[in-house]
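J.: Quick one: this structure, given as structure tokens, is what I'll be asking you about.
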Amino acid sequence: MIDAMHTVATIEKPDVRGFLHQPDKARGQGTVLTHGAGSNCAAPLLVAVATAFCDAGITVLRCDLPFRQRRPAGPPSPSAAAADRDGLRAAVVALREVV
């Protein structure tokens, strides 16, 4: 998908699922955005924030936490918190491959 000032590509890796927003004029900075307990990375607020960061030249990885990758709806389980933290670390590693 092409936006006025950036490109959005789907990311499908074993530990990371989401969307990479790459600015036309990247500043060499990046951030990972993810959702809260009741949502996913397609939430309109996350899309808007990712677009705003990207329009400012920041590469953004907007991704689903592991609990959401396993289940499309419902709250996270407290017992899966460690897996979600590992998922965030994997997202940072994936972003560092680009930025």
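Readers should treat all values here as calculations from the given coordinates under stated rules, not as data from a laboratory. Values in this document were obtained by computation on a predicted structure and should not be read as measured data. Glycine also receives a Cβ, built like all others from the backbone with ideal geometry; neighbour counts cover every protein chain displayed.
J.: If I model region 6-96 as equal point scatterers sitting on the Cα atoms and use the Debye formula, what is log10 I(q)/I(0) at q = 0.18, 0.21 Å⁻¹?
T.: Listed by q, the Debye log ratios stand at -0.73, -0.96.
J.: Right, next: From the residues Pro23, Pro76, Ala43, which one has its Cα farthest along the dipole of region 6-96 in the positive direction, the dipole being from +1 and -1 charges on Cβ of Lys/Arg and Asp/Glu about the Cα centre?
T.: Pro76
J.: Shifting gears a bit: List, in order, the whole-Hz ³J(HN,Hα) value for each residue of region 21-34 obtained from phi through the Karplus relation with A = 6.51, B = -1.76, C = 1.60 and θ = phi - 60°; use x for Gly and Pro.
T.: Per-residue couplings from phi come out as 9, 10, x, 5, 10, 5, 9, x, 10, x, 8, 9, 10, 9 Hz.
J.: Tilt of helix 44-55 relative to the longest C-alpha principal axis of the chain, in degrees (0 to 90, nearest 10)?
T.: Tilt of helix 44-55: around 30 degrees.
J.: Using +1 on the beta carbon of Lys and Arg, -1 on that of Asp and Glu, and nothing else charged, what's the dipole of region 6-96 about the Cα centre, debye to 20?
T.: So the magnitude is around 120 debye.
J.: Rounding to the nearest 10 and keeping the result within 0 to 90°, find how far the Cα-based axis of helix 81-96 lies from the longest principal axis of the chain.
T.: Orientation of helix 81-96: about 20 degrees from the principal axis.
J.: Go through region 1-66 and name the trypsin sites (Lys or Arg not before Pro) that are in a DSSP coil and have 14 or fewer other Cβ atoms within 10 Å of their Cβ.
T.: Counting only loop positions with at most 14 other Cβ atoms within 10 Å, the trypsin sites (Lys or Arg not before Pro) in region 1-66 are Lys25, Arg27.
J.: Taking H as built 1.01 Å from N, whose amide H comes closer than 5 Å to the amide H of Gln29, not counting residues under 5 places away?
T.: Hits under the 5 Å cutoff: Thr59.
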